[in-house]
Amino acid sequence: MTTAVEHEATPAPGDEHTHGAHTTHSDAFYVKIALVLAALTALEVSTYYVDFGSLFLPVLFALMVIKFFMVVWFFMHLRDDAKLFGRLFWAGLFLAIAVYVGALATFQFFLK
């Protein structure tokens, strides 16, 4: 009784490894993206301690959009997927903004 073992070919070091249309990046690339996201999160937290005045809400909205975009674009590989997924991304973004604005309006945030 014999057992056959199949081995998958591994790319040579330095070769760009792809799965279909998906490109892969190094671990260092994703660490850099994570550090940028951490810095943006720190800026969001700073809005609690630093008085941004009337820029408070626009700054939070901008940071929300940037972080949402970066996570979907880099970690979920949206740039390599079909256009349908891009449309779903934008629909989700606009829905998130609408829900956030609706929640703030419920608490009469804009009347203060």
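The values are calculated or read from the model by the stated rules, or taken from the named source; none is laboratory data. Every value quoted in this text rests on a predicted model; they were computed, and no experiment measured them. So basically every Cβ, Gly included, is an ideal-geometry build from the backbone, and we count neighbours across all protein chains shown.
Please tell me if residue 105 is surrounded by 13 or more Cβ atoms within 10 Å (Cβ to Cβ), modelled with pLDDT of 80 or more and assigned to a helix (DSSP H, G or I). Answer is no for this residue.
Residue pairs whose Cβ atoms lie under 7 Å apart, sitting 6 or more positions apart in sequence or on different chains, and linking a residue in the range 65-82 that is under 19 Å from residue 28 (Cβ atoms) and without any contact (Cβ under 8 Å) to a residue 40 or more places away in the chain to a partner that is part of a loop (DSSP other than H, G, I, E, B) and aliphatic (A, V, I, L, M), do not occur here.
Selection of the range 42-59 for residues being of a type in the set (Ser, Thr, Tyr) and within 19 Å of residue 100 (Cα to Cα) yields 47, 48, 54. Of the residues making up the range 51-60, those that are exposed (fewer than 13 other Cβ atoms within 10 Å of the Cβ) and either in a helix (DSSP H, G or I) or at pLDDT 90 or above (or both) are 53, 54, 55, 58. Could you go through the range 25-41 and let me know if any residue there is closer than 26 Å to residue 99 by Cα, of a type in the set (S, T, N, Q), under 25 Å from the mean Cα position of the chain (by Cα) and modelled with pLDDT of 90 or more. Checking the range 25-41: at least one residue is closer than 26 Å to residue 99 by Cα, of a type in the set (S, T, N, Q), under 25 Å from the mean Cα position of the chain (by Cα) and modelled with pLDDT of 90 or more.
The set of residues in the range 86-99 being surrounded by 14 or more Cβ atoms within 10 Å (Cβ to Cβ) and modelled with pLDDT of 85 or more consists of 88 alone. Looking only at the range 75-95, residues that are out of contact with any Phe, Trp or Tyr (no Cβ under 7 Å at 6 or more places or on another chain) and part of a helix (DSSP H, G or I) come to 14 in all.
Condition test on residue 25, is it on the phi > 0 side of the Ramachandran plot and surrounded by 11 or more Cβ atoms within 10 Å (Cβ to Cβ)? No; evaluated as a whole, the condition is false for this residue.
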